[in-house]
Amino acid sequence: MKKSLIGLAIATLILVLLAYYLGGTELVLAGLERAFGNTKKAALMILASFLLIGQLLCIVDENMIARTLKSIKGLKGIVMSALVGGLFPVGPYLFFPFVKMFHGYDLPYYILIAFIFGKHTYDFARIPMEISLISPRIALIRYLTTLPIPIIAALITYRLFRNRTLAQINHRNTDSEVV
């Protein structure tokens, strides 16, 4: 976070200096006016998204997701796990340890792939921010065009690995490393 903030501050400073060089104080003030206008527009949507994420964290827990993903199979399982992945309301520091937890379950590998791709492709918690910072139309187009990606990835994985579970694939990799 600190490095990102420093990088952003340096880029901002460079652009402010460039604006001052190209148009003087008037251009710098026009840029600041636009920035504050965008901030006002986005503030309510960002607040709403944090409230949404907070509520999802209270409602959805690891055990509920694990039970749900383990009980579904086939195309229904692929679609459900992609949607559950998209609804999973955490960042990478919590998401990847959560995914690692599935090594102990007899979870079909294609279900896990749909879950991971669903999280990274859909990530529904981003919707309010995308709508407020980009536009509702572009956000809708992005979601509609990327909608089949987790399903296609899971179907390819199903075709390649059939009904192998994560435990079977993990056990096979461990055996090949020993030899």
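The values are calculated or read from the model by the stated rules, or taken from the named source; none is laboratory data. These numbers come from a predicted model, not from an experiment. FYI the Cβ positions are ideal-geometry reconstructions off the backbone, even for glycines, and counts take in every protein chain you see.
Figures for the structure shown
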| read-out | value |
| --- | --- |
| Any hit, the range 78-100, residues being among the basic types (Lys, Arg), assigned to a helix (DSSP H, G or I), at pLDDT below 90 and in contact with an Asp or Glu (Cβ under 8 Å, 6 or more places away or on another chain) | no |
| Members of the range 137-154 that are surrounded by fewer than 18 Cβ atoms within 10 Å (Cβ to Cβ) and within 23 Å of GLN55 (Cα to Cα) | TYR143 |
| Qualifying residue in the range 40-49 (condition: at pLDDT below 65 and either loosely packed, with under 11 Cβ neighbours inside 10 Å or farther than 17 Å from LEU112 by Cβ (or both)) | yes |
| Residue match in the range 116-132 (condition: in contact with a Gly (Cβ under 8 Å, 6 or more places away or on another chain) and in a loop (DSSP other than H, G, I, E, B)) | yes |
| Candidate set from the range 101-115 (those that are surrounded by fewer than 22 Cβ atoms within 10 Å (Cβ to Cβ) and not in a helix (DSSP H, G or I)); member that is modelled with the lowest pLDDT | TYR105 |
| Residue check, THR157 farther than 30 Å from GLY37 by Cβ and assigned to a helix (DSSP H, G or I) | yes |
